[in-house]
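Comments concern the structure below.
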Amino acid sequence: MSTIYGYVRVSTKEQYEDRQIIAMSEYSVPKSNIYIDKQSGKDFEREKYKVLINTIQEGDLIYIKSIDRLGRNYDEIIEQWRLISKNKRADICVIDMPLLDTRKGKDLLGTFMSDIVLEVLSFVAHHERKMIHERQREGIEAARARGVRFGRPAIPMPDNFLEVYELWEEKGITIKDAAERCGLKPSTFYSKAVKYRQVTYSHHLR
């Protein structure tokens, strides 16, 4: 008797897997048989995926929501597809692409057509991801050219900074005491102190 499994992957721990799990439930995949990884598809050193591959037996069925859940690029997707369908002799079905269902066309022509469709779609998925990354890079560069700054917003200068800074400069207090008086971390106080000193020095040179 074959067993039905589902594999779900999201790229980060902050992303939600609900959409993929709902799709699995519509195909009657038992919740206990859904394996979920929350990490990038940059490699296949994924805990739950490895458990799934070691669990499946010949004749079992794996559902995935979309072809890119298997990996990040064309070669990896093809490799994992063949591992499941050829080496493990299990079936795999891509919910978003019904043509990619190894249960259909088990004869030579059906297998041949399925392999062609898989290679074309894997290439398209890989190309789309490359284009998305390229557009992101171009967007960031364009924003930087407009003066947009990325990263955490700067911590505002405390009202009593100048008074505490002068006290610290005169060695009247330690940097830890100075930071506490300003409500800052010692490293943050020191960073602001260095910047203030540089600005003051530059002003005196004018």
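The values are calculated or read from the model by the stated rules, or taken from the named source; none is laboratory data. Since we're looking at a predicted model, the values are computed, not measured. Note that each Cβ is placed from the backbone with ideal geometry, even for glycine, and that neighbours are counted across all protein chains shown.
I'd like to verify a number: residues in the range 156-197 that are assigned to a loop (DSSP other than H, G, I, E, B) and among the basic types (Lys, Arg), how many? Let's see the steps before the verdict.
The first filter runs over the range 156-197 and keeps only residues assigned to a loop (DSSP other than H, G, I, E, B), leaving 156-160, 170-174, 183-185.
The next check asks that each one be among the basic types (Lys, Arg); those that pass are 171, 185.
The number of residues fulfilling the criteria is 2.
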Failed item, numbered, when SER66 is tested on (1) in contact with a Phe, Trp or Tyr (Cβ under 8 Å, 6 or more places away or on another chain); (2) under 28 Å from LYS130 (Cα atoms): (1)
Pairs with Cβ under 6 Å, 6+ apart, first in the range 134-146 and assigned to a helix (DSSP H, G or I) and surrounded by 10 or more Cβ atoms within 10 Å (Cβ to Cβ), second modelled with pLDDT of 70 or more and among the polar types (S, T, N, Q): none
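Does ILE64 satisfy the criteria of being closer than 15 Å to LEU100 by Cα, buried (at least 17 other Cβ atoms within 10 Å of the Cβ), touching a strand residue (DSSP E or B) at 6+ places or on another chain (Cβ under 6 Å) and at pLDDT 90 or above? Full working, then the answer.
Numbers: closer than 15 Å to LEU100 by Cα: yes; buried (at least 17 other Cβ atoms within 10 Å of the Cβ): yes; touching a strand residue (DSSP E or B) at 6+ places or on another chain (Cβ under 6 Å): yes; at pLDDT 90 or above: yes.
Judged against the criteria, ILE64 is a match.
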Residues of the range 54-103 classified as among the aliphatic types (A, V, I, L, M) and over 22 Å from the mean Cα position of the chain (by Cα), total: 10
